[in-house]
Amino acid sequence: MAASGAGEIRSTGGVMRALAAGCVGNRAAAIIAAFALYGLAFLARPVGGLFWGSLGDRIGRKPLLLIGTPGFILLSLPGYLLASSGTFLGAIVGQLLVALPWSFVVSTVVVIIVENFPTRVRYSGASIGYNLGYMIFGGTAPIVATYLVSATGTNSVPAIYLIVVAVLVLPAVFMLPETRGLDLLRGADRVQPTESARPTTT
């Protein structure tokens, strides 16, 4: 569920940048806005990932998800309204509003998915779970967002879709176990010492 939300968020983020650029002035200004928005997103990702990732190591993965997911519920609609306002500044600020909760989510969602699987099935479980959710929800998000805009004539309507997904994901986030500090070699995954390697007592 978390993977689904992350995939949908990332895909609708691309739709948002395209809509924001398309709403800005003339063709030349729209092209400049598109490059500026994608450049801003490209630069912000590693910076946000480093900052929030290290924060997740200190306070836990789950708190970041519990900040980011409600953040989408609160900031998606204002962000899309600003991004489609027709001004360059609105496009930038609107993108930043949606990028803020996204940075919380994306910096920890992959980590918490990986840490929830035991070592012997971690690679398969994490990759199948993440990519299946991403394929179903993230892969269809641009099509759904484009259809919603076309059907309603409102550029900000993908924000409603994003809010609905965030509301659906929120209960799953509450149910997730905290994995910070979890020993990834746990239970049956631990390598048991052989008899010859066991310490002897006298």
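The values are calculated or read from the model by the stated rules, or taken from the named source; none is laboratory data. What you see is a predicted model, and the numbers here were worked out from it, not measured in a lab. Reconstructed Cβ throughout: ideal geometry from the backbone, glycine too, with neighbour counts over all protein chains shown.
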Got at least one residue in segment 160-173 being surrounded by fewer than 18 Cβ atoms within 10 Å (Cβ to Cβ) and not in a helix (DSSP H, G or I)? no
Selection from segment 108-132 of residues that are among the hydroxyl-bearing types (Ser, Thr, Tyr) and part of a helix (DSSP H, G or I): Thr119, Tyr123, Ser124, Ser127, Tyr130
Pair list, Cβ < 7 Å and 6+ apart or interchain, from segment 148-177 residues that are in contact (Cβ under 8 Å) with a residue 40 or more places away in the chain and under 17 Å from Gly79 (Cα atoms) to residues that are surrounded by fewer than 17 Cβ atoms within 10 Å (Cβ to Cβ) and of a type outside the set (Val, Ile, Thr): Ser156/Leu81
Could you check, for segment 91-107, whether at least one of its residues is more than 17 Å from Ala36 (Cα to Cα), surrounded by fewer than 18 Cβ atoms within 10 Å (Cβ to Cβ), at pLDDT 80 or above and not aliphatic (A, V, I, L, M)? no
Looking at segment 133-144, can you tell me whether even one residue there is closer than 18 Å to Val109 by Cα, assigned to a helix (DSSP H, G or I), under 15 Å from the mean Cα position of the chain (by Cα) and among the aromatic types (Phe, Trp, Tyr)? yes
Hey, Pro78 modelled with pLDDT of 85 or more and either of a type in the set (Ser, Thr, Tyr) or on the phi < 0 side of the Ramachandran plot (or both) or not: yes
Report, ordered by the first and then the second residue, all pairs with beta carbons closer than 8 Å, sequence separation of six or more or different chains, a first member in segment 101-119 that is among the acidic types (Asp, Glu), and a second member that is in a loop (DSSP other than H, G, I, E, B) and modelled with pLDDT under 85. Glu115/Thr179; Glu115/Leu182; Glu115/Leu184
